Structures are given as C-alpha cells and as structure tokens.
Amino acid sequence: MSLTKRDKERQLRELTQIVTGIRLFNKECGKGGEGIDNLPSILNEAIPSATMNIENELNSTRLFISRYTALIERQNAELLEEPEPDMLRQAVINCRQHEAFLKVLLNDVVVATDQVNTLERDLSPC
C-alpha cells in the first residue's frame, strides 16, 4: 500500500519530531546532542539587540516626523511653495506608517520575550 504525498509528509514530520526529541533528551543528559545550538542563550542575546535596534529606528522615525511636521507648519504659516507641500504630507504619512509598523514589531518582540521566559521557566530542569 502506497501512502499519499500528504501522509508521507505527515509521517516524515512525526519522525523528525521524535528524533529531535531524542536528541534534545540526550543533550540534557549529557550523552550527545552535538550540533544542537543553545537556543535560549542565542535568544537572550538576540532579543535585547533587536529591541534596541527597533527602538533606535523608532526614535529616528519620530525625529523625521517632527521635522517634516514643522516644515509643513512653517509652509502653511508663510504660504511657501518649496518644498512641494504634497510631497511633505506624503513623507509624514509614510513616516507615520513606518512608526506604526515599528510599534507592532516592538510589541511582537516583547511578546516573544515573554514566551521565551515562560518556556525557559517551564522547561528548566528541577
């Protein structure tokens, strides 16, 4: 009897998970697990770095927003036509969208940090 492609993929996933579990168990027991990265330590280094980079980009974006907004307000007060008023408005809109995206990204990093901490606590040996 031949398995369908979907069944073969499912069976392969199950076998991969079983082998991975055995390798992780052996690593914890000190009997093997060579080549398995220490994911908690990698995440503990990467998450603060990612958070800092996102926060720096967020601060830079907010600075652009305030500068562009000040230019628009100056243009409106002095009835200037340079630089192009519509282009400045579009730049502010673009920066606001970028800011919103960065906030979502930063929130995702915070949630991931909480999940990592919870998993480390739950899976740490007694």
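Key figures
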quantity: Matching residues in the stretch 1-59 - criterion: being of a type in the set (V, I, T), closer than 30 Å to K103 by Cβ and open to solvent by 70 Å² or more (accessible area, probe 1.4 Å); calculated: I42
quantity: Any chance S60 is of a type in the set (G, A, S), over 23 Å from Q115 (Cβ atoms) and assigned to a helix (DSSP H, G or I); calculated: yes
quantity: From I18, I42, I54, I36, residue being part of a helix (DSSP H, G or I), in contact (Cβ under 8 Å) with a residue 12 or more places away in the chain and of a type in the set (A, V, I, L, M); calculated: I54
quantity: In the stretch 1-57, the residues that are charged (D, E, K, R), modelled with pLDDT of 85 or more and within 26 Å of V109 (Cα to Cα); calculated: E45, E55, E57
quantity: Residue within the stretch 84-102 that is hydrophobic (A, V, I, L, M, F, W, C) and within 25 Å of N44 (Cβ to Cβ) present; calculated: yes
quantity: Boolean, T61 is among the hydroxyl-bearing types (S, T, Y) and touching a residue at least 40 places away in the same chain (Cβ under 8 Å); calculated: yes
quantity: Hits in the stretch 60-93 - residues which are of a type in the set (S, T, N, Q), open to solvent by 70 Å² or more (accessible area, probe 1.4 Å) and modelled with pLDDT of 85 or more; calculated: Q90
quantity: Yes/no for Q75 being more than 30 Å from P40 (Cα to Cα), more than 28 Å from the chain's Cα centre (by Cα) and without any contact (Cβ under 8 Å) to a residue 40 or more places away in the chain; calculated: yes
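The values are calculated or read from the model by the stated rules, or taken from the named source; none is laboratory data. What you are looking at is a predicted structure, and each value in this text was computed from that prediction instead of being measured. Cβ coordinates were reconstructed from backbone atoms using ideal geometry, including for glycine residues, and neighbour counts include every protein chain displayed. Accessible surface is based on the protein model in full, side chains and every heavy atom, while ligands, DNA and RNA are left aside. Shrake-Rupley method; radii C 1.70, N 1.55, O 1.52, S 1.80 Å.
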